[in-house]
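The values are calculated or read from the model by the stated rules, or taken from the named source; none is laboratory data. Owing to the predicted nature of the structure, the values given are computational and were not obtained by experimental measurement. For neighbour counting, all protein chains shown are included, and Cβ atoms are generated from backbone atoms with ideal geometry for every residue, glycine included. Note: areas computed on protein heavy atoms with side chains; ligands, DNA, RNA excluded. Shrake-Rupley method; radii C 1.70, N 1.55, O 1.52, S 1.80 Å.
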Amino acid sequence: MINTIHILDIGLMSFWTTIVVGIICLTGGSLLAYLVWQKALINKSKSIIKEAETEGEVIRKDKILQAKEKFLQLRADHEKLINERTNILSQAENKFSAKEASLSQRIEEIERKKNEVEAIRNNLTNQIELVEKKTEELSKMHKQQVEQLETISGLSAEDAKTQIVESLKDEAKTDAMSYINEIVDEAKMTANKEAKRIVIQSIQRVAAESAIENSVTVFHIESDEIKGRIIGREGRNIRALEAATGIEIIVDDTPEAIILSGFDPVRREIARLSLHQLVTDGRIHPARIEEVVNKTRRQIEEEIVEVGKRTAIDLGIHGLHPELIRLVGRMKYRSSYGQNLLQHSREVANLCAIMASELGLNPKSAKRAGLLHDIGKVPDDEPELPHAVFGMKLAEKLKEKPDICNAIGAHHDETEMTTLIAPIVQVCDAISGARPGARREVVESYIKRLKDLESLALNYPGVTKTYAIQAGRELRVIVGADKTTDKDAENLSYEIAQKIQDEMTYPGQVKITVIRETRAVNYAK
């Protein structure tokens, strides 16, 4: 029993010894592992630091190298700029030196010419004095000769002059009668040709002009609410419409109206039709505006060509160049002094044909020139030339005959007339524009012209009332019978007409009628 207990004690002690030894071994292994790991970590840190230092050195050297290159480049650019400025300064200095030398030469030349002019002036002064002396001597000699002639003839100078004048009158009358008879005989031989020339010259002298341009179109709308839709958010719709059409769109307080302003009538028509389609459709936004404007522009171009062809067919004019046909079509959208240019050109063409037929000339050529006389007003570009000259150059470029080109260029006297068709076109153009109702004026300028007419005549003494009637083509002046005689009334009418011609601008002619009325008044009491 005791042995057994002793054996158990020995075994238990061996167990605890093993545990203690294991713990000690585990602790020592852990400590050893920690020391090994710590040493490896220190070695790795030293390696990383060394690599970082190496890489930093490389970067530093690279940056230093880049800085040196940048410095060298900046220095080269600076030296180049300095050289360029030095060259510019040298050139400027050379130019200045050349101008200084030239100026010195001019000053010397001016001094030399000044001396020459002074010498010439002194010479002229001497010559003038000499001429004056010679004139005095000649006057004395002439007076002496006249006195001698009066003594010899027994007549005074006035009596001799009267006799000479009477004899010259008789001789001149005889020569004039002979010359008149010769002219009459020659006129009889060339009566037909002379009559044509006289008729054409007489017609030319009645040509008249007036000048008013139309550059706005009024687009009517149903209500003012549509204005806001046309303007769009922050004005984007109206800006898109102006950019697409090239027309200024004015939206103001005018009720139910929008103003389209621009000098190109075709653009104004495109803008008007585009606005009409957009308002009718109701969809108004920048993309839709651009689509509608492009579509309308194509339609207008097709219509222009169609109108030109139809006009040429209606007038019986053949062989027109396609570009001329397009220009004729564009006349539909152009106003000349308020008169539609296409209607005006058609009217001038028909008048030219009639007048040419009456004068025995070629009516087809005259009609062709009448239709094309204003093509210089409708080009796509705007040259710095009168429309007649530009139209003539266009016709020459498009292979029209010389007589047609001359008629186009000379219908406002910009070029010399070389054919008989040219004055016909000029006169028919004036007839078409000057007939009553053909052309319109802006109301303000029309009223101002009438008031100016009345005020001009009212400033004359003896005038009591003035009335401008028949659209300013007649001025009636009422004068007081006690202040103005019948003879004074005639003179007053002439003076007013001359003053209107000198100071005013008006279409056609103005008739001045001075009315002087005498009334006998008595009362029965």
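A residue that is more than 19 Å from LEU371 (Cα to Cα) and either touching a residue at least 12 places away in the same chain (Cβ under 8 Å) or of a type in the set (Asp, Glu) (or both) can be found somewhere in the stretch 302-320.
Given the condition in a strand (DSSP E or B) and open to solvent by less than 90 Å² (accessible area, probe 1.4 Å), answer yes or no: does some residue in the stretch 495-505 qualify? So far as the stretch 495-505 goes, no, none of its residues is in a strand (DSSP E or B) and open to solvent by less than 90 Å² (accessible area, probe 1.4 Å). Among the residues of the stretch 231-245, those identified as under 30 Å from the mean Cα position of the chain (by Cα), of a type outside the set (S, T, N, Q) and under 12 Å from HIS285 (Cα atoms) are ILE231, GLY235, ARG236, ILE238, ARG239, ALA240, LEU241.
When PRO322 is tested against (1) closer than 30 Å to ALA243 by Cβ; (2) surrounded by fewer than 20 Cβ atoms within 10 Å (Cβ to Cβ), exactly one condition is not met: (1). Looking only at the stretch 278-298, filter to residues that are under 31 Å from the mean Cα position of the chain (by Cα) and open to solvent by 90 Å² or more (accessible area, probe 1.4 Å); which one of those is farthest from ARG267 (Cα to Cα)? Checking each candidate, the answer is GLU291. From the list TYR467, TYR506, the one residue that fits, being among the hydroxyl-bearing types (Ser, Thr, Tyr), under 23 Å from LYS448 (Cβ atoms) and at pLDDT below 80, is TYR506.
Taking first residues from the stretch 474-501 that are touching a residue at least 24 places away in the same chain (Cβ under 8 Å) and partners that are open to solvent by 60 Å² or more (accessible area, probe 1.4 Å) and aliphatic (A, V, I, L, M), the Cβ contacts under 9 Å between residues at least 6 apart in sequence or on separate chains come to ARG476/ILE515; VAL477/LEU458; VAL477/ILE515; ILE478/ILE515; VAL479/ILE515; ALA489/ILE515. The set of residues from the stretch 398-415 being of a type in the set (A, V, I, L, M) and under 14 Å from ILE375 (Cβ atoms) comprises LEU398, ILE404, ALA407, ILE408. The requirement of being modelled with pLDDT of 85 or more, more than 24 Å from LEU420 (Cα to Cα) and open to solvent by 10 Å² or more (accessible area, probe 1.4 Å) is not satisfied by ARG346. Candidates SER445, SER432: the one that is modelled with pLDDT under 80 and under 30 Å from LYS364 (Cβ atoms) is SER432.
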